[in-house]
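Only one structure is covered here, and it is reproduced in the block below.
The values are calculated or read from the model by the stated rules, or taken from the named source; none is laboratory data. Source: prediction; values computed, not measured. Cβ placement follows ideal geometry from the backbone for every residue including glycine, while neighbour counts extend to all protein chains displayed.
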């Protein structure tokens with residue numbers, strides 16, 4: 001049986017990417033080298049949907065405490081996966097390593113928590129509320145970690161109309177589903193970015209979301225299980 005040359009080259013890349021992505025036991029990478037970029041790109045470019053689905057599953061944290069639906073975690077490695085996946089979905093040519101890092105920009109140095117919101121349909125909001133996000137250590141650690149870590153960046157994006165479920169948005173400043181003349185804001189997305197160098201790669205944290213000091217949700221995330 002003969003195989004197309006492109007298939008012969010692509011399959012090892014996908015397998016390598018899956019092995020590197022699922023075999024981590026020491027936590028996410030704070031920075032990316034070329035082999036890691038190649039591994040992340042291979043996952044994003046995979047035409048096998050189950051490969052991508054299996055990879056993304058651990059990064060999705062259900063909450064189901066109104067108005068918070070769920071939280072997605074985007075590590076530097078996963079950001080490269082998302083960039084490659086988005087380009088493959090649109091049918092665009094793959095990017096080189098330097099182009100990929102350029103597309104990621106400064107956000108490649110962040111661990112982002114993407115918080116998806118759904119508001120009551122009769123809400124009177126004119127913008128996404130100024131929800132606050134912080135990370136907390138759930139128990140004393142050795143050596144001690146700061147009890148409260150604040151994001152270096154926070155972005156709030158409104159959503160008009162029904163949400164289209166999927167992976168986190170790559171362009172967080174663009175309103176989701178542009179409103180009609182009288183269409184209410186039904187939800188939104190809050191993206192809190194934390195300096196990757198300030199987090200323990202295998203640390204366990206609690207993502208705390210507050211509204212004017214009142215706690216809305218607290219969700220534990222084990223960064224040691226992610227890439």
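Structural remarks
- Of the residues 62, 35, the single one that is surrounded by fewer than 20 Cβ atoms within 10 Å (Cβ to Cβ), without any contact (Cβ under 8 Å) to a residue 24 or more places away in the chain and under 22 Å from residue 164 (Cβ atoms) is 62.
- Every condition in (1) surrounded by 14 or more Cβ atoms within 10 Å (Cβ to Cβ); (2) at pLDDT below 90; (3) more than 17 Å from the chain's Cα centre (by Cα) is met by residue 180 except one, and the failing one is (1).
- Wholly within the range 32-127, helices (runs of 4 or more DSSP H) carrying at least 3 residues that are touching a helix residue (DSSP H, G or I) at 6+ places or on another chain (Cβ under 6 Å): 34-45, 76-90, 97-104
- Conditions (1) in contact with a strand residue (DSSP E or B) (Cβ under 7 Å, 6 or more places away or on another chain); (2) at pLDDT below 95; (3) assigned to a loop (DSSP other than H, G, I, E, B); (4) surrounded by 11 or more Cβ atoms within 10 Å (Cβ to Cβ): number failed by residue 159: (3)
- Among the residues of the range 210-223, not a single one is modelled with pLDDT under 95, surrounded by 15 or more Cβ atoms within 10 Å (Cβ to Cβ) and in a loop (DSSP other than H, G, I, E, B).
- Of the criteria (1) touching a residue at least 40 places away in the same chain (Cβ under 8 Å); (2) within 23 Å of residue 224 (Cα to Cα), which one residue 100 fails: (2)
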